[in-house]
1. With +1 on the Cβ of every Lys and Arg and -1 on the Cβ of every Asp and Glu, and nothing else charged, how large is the dipole of the protein assembly as shown about its Cα centre, in debye rounded to the nearest 20?
2. Could you point to the residue in A:98, A:158, A:231 farthest towards the positive end of region A:7-395's charge dipole, with +1 and -1 charges on the Cβ of Lys/Arg and Asp/Glu respectively?
3. If you take each beta carbon of peptide B:303-312 and count the beta carbons of other chains within 10 angstrom, what is the mean?
4. Arrange the following residues from fewest to most other Cβ atoms within 10 Å of their Cβ: A:281, B:188.
5. Which whole number gives the average count of other chain Cβ atoms within 10 Å of the Cβ atoms across peptide A:145-152?
6. Before rounding to the nearest 500, sum -39500 (n - 2.57) across all DSSP H runs of length at least 4 in chain B and divide by the residue total; then give [θ] at 222 nm in deg cm²/dmol.
7. Report the local net charge at residue A:186: Lys and Arg +1, Asp and Glu -1, summed over other residues whose C-beta lies under 14 Å from its C-beta.
8. Based only on the alpha carbon positions, what is the Kirkwood hydrodynamic radius of region A:27-170, in angstrom?
Amino acid sequence: MSTTESPANAPGFEVDRDAIRHLADAQINVELDTGDMIINLGPQHPATHGTLRLVVRLDGERVLAADPVIGYMHRGYEKLTEFRTYPQITTLINRIDWLSSFANEVPFVDAAERLMGVEAPPRAAYIRTILTELSRIATFVLFLGEMGLQLGALTPAFYGFRDREHVLNLIEGATGGRFHPNFNRIGGLKDDLPWGWIAETRSVMSKILTACDTFEDLVAGNEIFLSRTRGIGVIPGEIGAAYGVSGSNLRASGVDWDLRRDGRPYLAYPEIDFQVWTHPDGDSFSRYWVRLQETRESVRMVLQLLDGLPAGPVMAKVPRIIKVPEGEVWAETENPLGQMGYYVVSKGATGPFRVKIRSASFSNVSILPWLLKGVYVPDVVTILASLYFILGDIDR
Amino acid sequence: MTTTLALQIGWGTTLALKTVIVLAIIPLGALVLGYVFLLKMMSHMQSRLGPMDPGGFHGWFQLVGDGMKFLQKEDIMPEQADKRVFATAPAVVVISTFLVFLVIPMGPDLVVKDLDVGVFYALAVSSLSVIGVLMAGWASANKYALLGALRAAGQLIAYELPLLLAVTGVVVQANTMSLQGIVYAQQDGSIFGWSGVGNPFILTQFVGFLLFVVAAQAELTQTPFDMPVAESELVAGYMVEYTGFRFLFFFIGEFGTATAFAALAATLFLGGWSLPWVHGDAANWLGPIVLFVKLMFVAFLMFWARFTYPRLREDQLQALAWKVLIPIGLVNLLVTGVFKVAF
């Protein structure tokens, strides 16, 4: 592990520590060489919201090296999928990124549908898009509040939870589950939207816009917040892309890349008009700002989708027992945390032969050792919070 | 005190009585501030109710219940801890608070000891709590605690200065360091010849008042200056290894010190126990209530900031003290001195 390496390559600390150790016999330098402190952030630590363990080597408050240790929550989903049928798997993959479960189901169902040559009816595609955007809003609203909490402001976190609750109620109203809807079926959706749901969604969307204004004033507009996040944890665009960072984290580094627009067309995204937000700076503040704008953009998208919602069935004609023909397919979507993809290999059975899950957070945290070198301990928390990962999405 | 109560009691009994009363003020103040601000005001700001059940009326009994729970908890001490230091640290923190209350006047006669150097003494003993914090952090044998304690030491020492400079302006204007004398100076003062409400120093020393509140916030390690206990990075800083009764001591110390600083600010800038047109015996009865109301106002300002702001980073916090607050304090002192000589 790199924690045992010499820390001398950290910026600003070009001290030849070995030279000092040679002099240590003279007793005088024994007290000058204070040594490094290795501290475990996690696996139980409030900043890692879950069980991420970060082995941090400190010189005073400055981080010399940081190693994320993952796997404390590994649940073996890739293996489990080999023993489940396609309809059963949506229940599992719901729990990868538990804050935006619905968005997890979409790429997998997309993959299965493409292998089978089935296409969901337009109404189903629209409702899927609406629910995906709603889960994006739910995830981001919580982030907008929780980032404040990580920086020490207690109050925004409660606003985040409060306003997310409206969206979760909508998801529950449509699907029956607040967190784990399991609403997608291969070929469409389980049910149509309930009566009155559309009007309710419109009123909630205006609440979300108000919440975004609140967060802009209370958190993003706060001088202390600015001084804590500006210039902290800068990810240059090309380095971020090289590490596989995706989603809002990469767009905050000025990379104009969004699978909803640039990827293989999926759901109803080609039919609606939306903007992809980027920020040139790549620091923690720009990651917050991009998510704030994307929340507003999602609200705009949901309203557009509600206006253009076509009539018709929500389920295509599919056989009662689903058998997927032989083949391989890669399906990826723009999830709230970034690029999420499934590589599904089918051998013609009722379940897949092999599924490779590409989850966004796993790649997003892989940049941590590079990013945390030379920052102070409080900035570690800022950077962790602004990268916004979900442990289930890292460990799977 | 003895004359107003119309009772003849010996000085020993008086001393014991005073000590008991002051000792009672600390947990009482901690309870009131904790309930009003931590449980109720914070909940209101965060659009939730807070505790509603214990005690029947808006959960007033919650903190008492919490305290009793803490008393029942197992007293856990880390194996590597420096046992004696670990055990003494919470007491040091509470004792420093206790010593501050000794000089805060609550009425013309209601003061344990009106020292000539009252302000000086209050600030000196209040900074004793740093030692308690350092002891706790070091003796815990925990890296988080150590980081927290070192942060606390750096911060508390840095913010002593602005605190002192803020108070110096008041001392110059009042011509005395005795807290009782400062209260009288405000009660008997006049605003441009009109002595209707006296002259609370917040009118002339509003810069000093702001400085004092900001620096007191840092001394109390409350947000935005709560780096030492930063729960999202150091978990609870120097308190991380403390449980049960000892943790309760830290809690009482935290809110008791908040009460003490709010009372000091109320005394120095808002006229303390004095109420216009109330003199003599009536002031002795009304004094504590008046002081309490003013104290709650100051505490409200401090807790308002606490629940709104994120926290500063350690280097930003030091920069604020040395580059902003201390120069402002020095200029304020200079201006006060010039006015003092000129008028």
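Every number in this text was worked out from the coordinates using simple rules, so none of it is lab data. Source: prediction; values computed, not measured. Cβ sites come from the backbone with ideal geometry, for glycine too, and all protein chains shown count toward neighbours.
1. About 1360 debye.
2. Of A:98, A:158, A:231, it is A:98.
3. Per residue, the average neighbour count from other chains is 6.
4. Starting with the residue having the fewest Cβ neighbours, the order is B:188, A:281.
5. So the per-residue partner count for this stretch is 5.
6. One gets -20500 deg cm²/dmol as the mean residue ellipticity at 222 nm.
7. Its environment carries a net charge of +4.
8. 19.0 Å
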